[in-house]
Amino acid sequence: MRLVRHAPLARCMYCLAEGVPRTEEHLIPHALGGRLTLRDAVCEPCRRITGRREQATLDGEFVVPRTLLALKRRRARAQGPSRLPLVTIEGEHTPSAPTPAMFPRGFSLPTFEPAALLTNAGRRTPPRIEFVDCHLNLGTPARQARAIAPPLADPHAYAHSIAKWAYALAVAERGLACCDTQAMRDLMLGRRDDPFAFVGTPSPRAGASREWLHHHSVHERGPWLAVTLALFASAGMTPYEVVIGGLG
C-alpha cells in the first residue's frame, strides 16, 4: 500500500478512552499483506471485541489470498503456512489440499449494492451478493486453477471487517476528528449490527489501479466522509465504498 503518515492517537480509536494502555492497530491485517499500523490506537477490551469477526473473515472468505501471501513469504525465507487449507478447485466436486506448486492463484471475493446510507435504503439485511474473479501473480504455478468461492457464511461479519479496515484508514489519514464517528464506532463495538448501512460497492462499478496490492482513498460524498477501499486491487478486485460518518 502507499504510505500513510500519521501520529500516535491520544485515546482508543473505538471507545475513545484516555489514559489506558493501548496497542497498535493494523490498517489492513498483516495476514493480507498489511504492514502499516496505527501506534497506541486500541485498548485491549476493544481489540478483543473488534477482532472477533475480523478473524472469522480472514479464516473464511480470505483464506485463499491469505495462503498465497503466506506462500510468498515462505519463498522469501520467512515463516509460511505449515499446512495448506482445503480448497475446492473449479471443475472438481470435493475439497482437496493442493501442494504449494498446485495451489490456485485464482479466487473470488464478494461485491454488494451501494451502502444504504448513500441511497437512503435503510437496509439491515444483506444486499444482493455477486462475486468478482481475482488472480494473484505470485510465480508460475504447476497448473492454472481457480478456487471456487465458498458461500458467504456470514455476510455481516465480512462487511464488518471491511468497515473496520476502512475506519482505521480514515483515522490514520485524517484523525479521530475527521467526522462524526459515533455510528461507526457503535458498529465496531457491537452496539448495532447493520454494516450494510455503511459498506457497499459503488455504482457504477469502477476498477482500481493495479499498481498496489491494496489501495484506498478518503473523500467526501455529499454529507458523508467515505473511504474507497480496493482490497487486492492488483488482482483485479472491485473496490468497496465505506461511509465513515457525517461531516459537521
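Quick note: the coordinates plus some simple rules give every number you see, no bench work behind them. Every value quoted in this text rests on a predicted model; they were computed, and no experiment measured them. No Cβ is skipped: glycine too gets one built from the backbone with ideal geometry, and neighbour counts run over all protein chains shown.
Annotations for the structure displayed:
- Helix-only mean residue ellipticity at 222 nm for the chain, each DSSP H run of n ≥ 4 adding -39500 (n - 2.57), per residue, nearest 500: -7500 deg cm²/dmol
- Tensor-based shape of segment 115-238 (alpha-carbon gyration tensor, a/c under 1.5 rounded, otherwise prolate or oblate): prolate
- With Cα atoms, 0 to 90° folded angle of helix 155-174 axis to the chain main axis: 60
- Remark: Thr94, Thr88, Thr111 ranked as Thr94, Thr88, Thr111, counting other beta-carbon atoms within 10 Å and listing the fewest first.
- Degrees between helix 44-59 axis and first principal axis of the chain (Cα, 0 to 90, nearest 10): 30
- Rounded to the nearest 20, the size of the Cβ-charge dipole of segment 104-248 about its Cα centre is 260 debye, with Lys and Arg at +1 and Asp and Glu at -1.
- The magnitude of the dipole of the chain, with charges of +1 and -1 set on the Cβ of Lys/Arg and Asp/Glu and taken from the Cα centre, is near 740 debye.
- Each of Phe103, Ala147, Thr201 was scored by the projection of its Cα onto the charge dipole of the chain, and the greatest displacement toward the positive side belongs to Phe103; charges sit on the C-beta of Lys, Arg, Asp and Glu.
- Order of Val218, Val20 under a 10 Å beta carbon neighbour criterion, fewest first: Val20, Val218
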